[in-house]
Amino acid sequence: MVLKAFFPTCCASADSGLLVGRWVPEQSSAVVLAVVHFPFIPIQVKELLAQVHQAGHVGLAVLGTWCHRRQGAEERLGPFLEGLGAIFSHEPWLQLCRERTSGLWSCKATCQQGPARVKDQVMLVFYDQRQVLLSQLHPPAALPDRQAGDAAASAEGLAAVFDTVARSEALFRSDRFDEGPVRLSHWQSEGVEASILAELAKRASGPVCRLLACLLSLISAASACRVFKLRPLSFIWSKLAVCGQLGHRLEQLELVFSTQKAEKPAQLMRKANVLVSVLLDVALGLALLSWLHGKDRIGQLAEALVPVADHVAEALRHLLQWLMGAPAGLKMNRALDQVLGRFFLYHLHLWISYVHLLSPFIEHILWHVGLSACLGLTVALSTLSDIIALLTFHIYCFYVYGARLYCLKICGLSSLWRLFRGKKWNVLRQRVDSCSYDLDQLFIGTLLFTVLLFLLPTTALYYLVFTLLRLLVVAMQGLIHLLVDLVNSLPLYSLGLRLCRPYRLAAGVKFRVLEHEAGRPLRLLMQINPLPYGRVVHAYRLPSCGCHPTHSWGSLCRKLFFGELIYPWRQRGDKQD
Amino acid sequence: MEDEQSFSDICGGRLALQRRYYSPSCREFCLSCPRLSLRSLTAVTCTVWLAAYGLFTLCENSMILSAAIFITLLGLLGYLHFVKIDQETLLIIDSLGIQMTSSYASGKESTTFIEMGKVKDVVINEAIYMKVIYYLCILLKDPVEPHGISQVVPVFQSAKPRLDCLIEVYRSCQEILAHQKAASASP
């Protein structure tokens with residue numbers, strides 16, 4: 001195999017010295033991590049390598065020599081460098097060389113054991129140490145735990161390079177201003193990277209997290225107390241979307257401010273995503289709040305609400321009058337039509353009276369509910385969805401009445417149809433069996449069947465109309481929920497990271513061939529290939545509220561046809577009504 | 001060592017294949033597709049604007065004209081950035097892997113790198129698409145089954161060169177893969 005030497009770009013201008021890094025025999029590649037400059041004491045170099053081995057469980061060694069010289073100055077250093085090969089024996093021994101003036105590279109690898117041969121084919125792959133150290137490969141290679149004993153990294157292919165650089169962080173901690181025994185050149189040798197803001201945030205985060213964690217545990221303890229578990233309150237709680245959203249946010253905040261440190265980078269990203277999402281939510285909510293409370297918009301909304309409810313009731317009244325006449329030219333059963341129509345009209349009248357009763361208080365209610373927008377835009381949207389549900393409660397009632405009537409009719413029709421054909425539903429065996437009926441059973445059955453069959457169009461029409469209205473309301477609520485889900489689950493921190501620091505999220509690597517001269521080794525530049533935006537969202541999306549519709553289109557159509565009630569949103573852990 | 005030859009693609013358009021032999025273990029093949037023709041661009045723009053002008057005479061709303069201009073510009077930018085591929089490159093490096101790059105007309109480059117450990121072989125496959133066409137593809141090893149193939153990755157998907165061009169590329173790739181197989185066979 002061709003020998004590959006991974007060389008950091010920051011060491012290309014360093015002075016002559018020893019190459020320190022890791023040799024991966026399976027891929028015949030040498031990952032150079034740093035250059036040790038003269039003068040040095042071999043024992044201290046070996047001690048440093050042993051320290052790094054203990055800290056990161058990565059086996060480093062002296063791989064060869066690095067020579068950065070002017071043309072013609074090679075005679076003095078030549079035998080000295082070869083002598084070093086005897087002190088730090090390593091198979092194969094690399095000798096990299098670069099001329100200062102022309103910038104031309106040369107590379108040689110020698111093997112002492114076996115037939116003494118010089119490997120001609122050496123490939124130089126340059127890599128940016130800082131980017132490789134900070135980036136994370138997706139999908140992450142399955143590596144053994146860092147704490148688990150002495151297991152060295154067994155990553156495949158190029159992931160081994162990333163892993164080696166990541167585990168050797170202890171080597172990069174000293175810079176050239178430190179008075180250490182060994183002088184190194186690596187990406188941080190000009191000065192260790194640090195930021196005052198980051199350090200202050202780290203110091204402050206401990207006590208702040210503890211305080212907020214206490215507060216949040218108090219709130220969750222209060223909400224879990226026995227009073228709220230009583231039947232009517234718990235029922236209302238489970239039906240309101242606001243409570244679901246608030247509970248979800250509370251869980252997320254508990255995750256962010258937990259005092260446990262995140263072990264894996266995925267957990268850290270999740271915490272960061274949740275924090276940014278909550279902050280954006282609150283910012284948008286405050287903007288909405290300031291817009292609502294300025295220029296008396298709440299008053300205008302409250303004044304517009306009752307006329308809108310009246311208008312909707314008037315439209316429903318027209319609809320019922322139309323159904324009671326000859327809708328779309330269909331001939332309905334007069335008596336049933338009048339009964340159903342009058343029943344629904346009375347219900348509507350009751351509803352409108354209640355709305356008019358509430359009208360003086362609406363402005364105050366809206367004002368106080370509008371304050372909930374300061375908890376976040378998602379909470380405000382959930383409140384809106386709940387208000388829509390409450391205002392269209394009469395449509396929901398009409399739908400339930402129509403559906404139950406229709407369902408009863410369909411059940412009756414199907415069982416009487418079986419009787420008509422001389423069959424019966426066997427409950428024990430869950431199948432249709434033949435059965436011999438008496439004459440009077442058959443007579444009554446056929447009579448009832450005829451009655452139900454001829455009353456079917458009327459009921460079916462009422463059911464159809466009210467189901468369509470209900471589906472309209474459900475669609476509106478569904479849109480709002482979709483928006484809330486979007487704000488909840490979008491990983492904004494990861495998207496921002498991909499935009500501003502694309503090397504942090506790596507899908508892989510890419511190579512570029514650098515200028516090539518005949519007789520010189522092949523030089524490649526390895527760069528990070530960033531993850532595409534779609535995969536970033538897919539990998540880091542946050543779990544949403546969990547109130548997704550559980551039906552497929554087929555089962556939905558089936559339920560509509562048989563008149564079973566549809567509940568579009570089932571919260572997790574709800575009892576079936 | 002650089003070398004340029006002209007071939008044709010399956011629709012009859014002209015392609016230029018540039019071969020660069022950097023070293024015995026590294027080769028690059030660059031296929032340049034025919035550029036965006038001025039004729040088709042003018043035709044599409046004229047059609048869209050004539051349709052918009054027709055709508056304008058019906059509706060007397062000048063927003064339609066500005067919308068048509070906007071749509072044409074956005075459509076052109078989107079086409080250049082996301083659809084029109086100018087050049088496709090295959091870089092094969094012995095014992096590292098195979099890299100495929102597509103450069104779009106707007107300058108965007110999209111790269112995929114496959115490590116040599118995952119590559120089983122490079123073959124020319126036949127496909128029936130209104131007629132028989134040939135395409136070069138990379139077979140990837142299955143981690144579970146040692147002799148199985150987990151994925152077939154086609155190369156030069158938008159340039160679609162003909163068999164003569166593919167044979168040239170195939171021969172060069174097989175020379176390099178032969179080194180790889182020899183190296184993995186010997187301990």
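Structural remarks
- Its alpha carbons give the stretch A:469-560 an Rg and a Dmax of 23.4, 80 Å.
- Peptide A:25-38 has a mean shielding of 1, counted as Cβ atoms of other protein chains within 10 Å of each residue's Cβ.
- FRET efficiency for residue A:368 and residue B:16, using Cβ-Cβ distance with R0 set to 60 Å, rounded to 0.05: 0.25
- Per residue of the protein assembly as shown, the DSSP helices (runs of n ≥ 4 H) give a summed -39500 (n - 2.57) that works out to -16500 deg cm²/dmol at 222 nm.
- Shielding by partners - mean other protein chain Cβ count within 10 Å, residues of A:478-488: 0
- A simple spin-label model places pseudo-atoms 7 Å from Cα toward Cβ; at residue A:91 and residue A:442 they are separated by 9.9 nm.
- Translational diffusion of the stretch A:159-274, µm² s⁻¹ [Kirkwood Rh, Cα pairs; Stokes-Einstein; 20 °C; 1.002 mPa s]: 115 µm²/s
- Packing order of peptides A:429-442, B:64-77, B:133-146, A:245-258, highest average first: A:245-258, B:133-146, B:64-77, A:429-442 (average count of other Cβ atoms within 10 Å over each peptide's residues).
- In the stretch B:38-82, Rg over Rh equals 1.04, where Rg is the alpha-carbon radius of gyration and Rh the Kirkwood radius from pairwise Cα distances.
- When you count the other C-beta atoms within 10 angstrom of each residue and take the mean per peptide, A:506-512, A:46-52, A:17-23 line up highest first as A:17-23, A:506-512, A:46-52.
- For the stretch B:1-104, the convex hull drawn through the C-alpha positions has a volume of 116 cubic angstrom per residue.
- Sites residue A:559 and residue A:424 - FRET efficiency at Förster radius 25 Å, r taken between beta-carbons, to 0.05: 0.50
- Extension gain, residue A:486 to residue A:179: 0.36 nm times the residue separation minus the Cα-Cα distance gives 105.2 nm.
- Two-site FRET efficiency, residue A:397 against residue A:338, from Cβ-Cβ distance with R₀ of 22 Å, rounded to 0.05: 0.65
- Rounded tilt (10° steps) of A:265-293 against the dominant C-alpha axis of chain A: 50 degrees
- Computed P(r) (all Cα pairs; the protein assembly as shown; 10 Å bins; percent): 2, 9, 14, 15, 15, 14, 13, 9, 5, 3, 1, 0, 0
- Largest-first principal axis extents of the Cα set of chain B (Å): 80, 38, 33
- The peptide list A:366-375, A:183-192, put in order of mean Cβ contacts within 10 Å with the highest first, becomes A:183-192, A:366-375.
- Computed over chain A: relative contact order in percent, which uses C-alpha pairs under 8 Å that are six or more apart: 15 percent
- A crude spin-label estimate for the pair residue A:349 and residue A:537, with each label 7 Å from Cα along the Cβ direction, gives 5.3 nm.
- Of interest is the spacing of the C-alpha centroids, which for the stretch A:254-279 and the stretch B:109-147 amounts to 40 Å.
- Each of A:325, A:14, B:98 was scored by the projection of its Cα onto the charge dipole of the protein assembly as shown, and the greatest displacement toward the positive side belongs to A:325; charges sit on the C-beta of Lys, Arg, Asp and Glu.
- Take each residue in B:97-103, count the other chain C-beta atoms within 10 Å of its C-beta, and the mean is 2.
Since every read-out is calculated from the coordinates, none of them should be taken as a lab result. What you are looking at is a predicted structure, and each value in this text was computed from that prediction instead of being measured. Reconstructed Cβ throughout: ideal geometry from the backbone, glycine too, with neighbour counts over all protein chains shown.
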